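Data first, discussion second: the structure below is written as structure tokens.
Nothing in this text is a laboratory measurement; each read-out follows from the coordinates by a stated rule. Predicted, not measured: the structure shown is a model, and the values here were computed from it. Cβ: placed from backbone, ideal geometry, glycine included. Neighbour counts: every protein chain shown.
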Amino acid sequence: MVRSLILLLPLPLLILLLAAPSPTLAWGQAGHAIVATIAQSLLHPAVRTHLCTILPSFTSYTSPYPRKGAPHTHCHLATLASWPDTAKWRMPWSGHLHYVNPVHDEPPKTCTYGEQGFTDQENVLTGLVNYTRQLRDGTGAERDVALRFVTHFVGDLHQPLHLTGRARGGNDVWVRYEGRKARLHSIWDGQIINTQIRNLYNYTTPLPSLPFESTLQGQVWDPYIRWIMAEGLGVGKTSSAQAWWETEWSSWAECPDPPTADYGDDPTNRVDETDLPLCPMAWSRPLHPLVCQYAFASPVPAPGEEEALLEKWEERYQDASPVAAGDDVEAERRRRRRRRRRPSPSPNPQPTTSRPSTPTHPSPQPDLPELADDYLKRINDDLIIQRQLALGGVRLAAIINSVLLEEALRAEKVAEQLQEEAATSAQMQMGAPWLERVWSGVTGLVRKKMVLGGIL
Ligand SMILES: *[C@@H]1O[C@H](CO)[C@@H](O)[C@H](O)[C@H]1NC(C)=O
Ligand SMILES: *[C@@H]1O[C@H](CO)[C@@H](O)[C@H](O)[C@H]1NC(C)=O
């Protein structure tokens, strides 16, 4: 069994909710930044410093943690966590690396995850291994890009709709959210998180944890991250109540040994057979049921129904303003194609000015089911989104600590201080026995590296 390595560090900066992020960005900008920030707070301090030898200087910030020798220049994973989305258009070859499509996966009717293979061997699982290897073995700018991809793909791996190919991961399923027409995929990418962030009124004051607080960047989602860290992981929590995942989270970054269950010879099924400190298949397999149980749960249209619903909706509102709210260019293109297929209403179609101008995007739009009540209550009550973000953060930190810690310590010539520093951090982190587990995790991962290294 492999244990993970997560480290923590502490301190309070009083930055509250200024910088409003664009609410429209997909794991949207918020999701990716939250995963990256949770990971950042679990990085060893030497790794935080060392990131500045890999990432560009605009990711740097001044950190009061650790107290010894402060202030430090650290570099932040969150700054470029969404970069692979932004740069996708310049790198069309990378688009299919953001998700994975299991063959015959038809949620919620049929849920398969690799039992019958995957449609493409280049996907978020193999991409993650690919770029983790480049992070470990690469040089110069290659490592910069690799680290951005690793940060991003760990996030994507934990967005359930990136684990299914049905209707392009829910991109082609239209429903309504808070009364407006929306793609199921973007509801999971960003809208549910944004609602949760908007509805959170507590956690505006710093947690008593310098390793954690020193990584917040004055974003609107800072209180939301505090909520997850305090009530979910038990970091710097002020009450004696047990945290949601207190007993399980230190094993979240473990990998099974031997690495592969018997799911067949599809190469993606064997992606965990690597000497690198990660196991995207073992990590994501237990998450795939979320696709059936939550993401495509009622009232989301059943497989095959989504097109009919959309047609009906468009027929009814085809003369509404050409680009309806929440719509996008591609949907518009599809609509045009469909219009073209229809017989022309008159031999000489009139220019657009003569189109009837009614109705203008009426609301509510009765044909598309509203995702509300039961659907959202289950997601909220079961802490699905919070747990996915936390899982991603913990695992991302585990990967990066494992790949970079040795090198970072060497760079700082502080290897001999390791024990002493661990002791100091543990003292600063009063009542946090999990720090111990985190440190012992480093050993576990190194062990995996050696064991598998010997086999391969
Ligand atoms: C692996 O990385 C290389 C270099 O960036 C890229 O060209 C290739 O598409 C990647 N393959 C996968 C599966 O990620
Ligand atoms: C903070 O707010 C959340 C969401 O409203 C709630 O579930 C949680 O119990 C609150 N925590 C504290 C410590 O007040």
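Odds and ends about this structure:
- Given Lys237/Lys377; Lys68/Lys88; Lys88/Lys377; Lys88/Lys312; Lys109/Lys377, the pairs whose alpha carbons are separated by over 29 Å: Lys68/Lys88; Lys88/Lys377; Lys88/Lys312
- Nearby aspartates and glutamates by direct alpha-carbon distance to Lys413 (threshold 20 angstrom, same-chain neighbours under 8 apart not counted): Glu421
- Normalised by 2.2 N^0.38 Å, with N the number of residues, the alpha-carbon radius of gyration of the range 48-176 equals 1.28.
- When each of the peptides 284-293, 194-203 is scored by the mean number of other C-beta atoms lying within 10 Å of its residues, the order from highest to lowest reads 284-293, 194-203.
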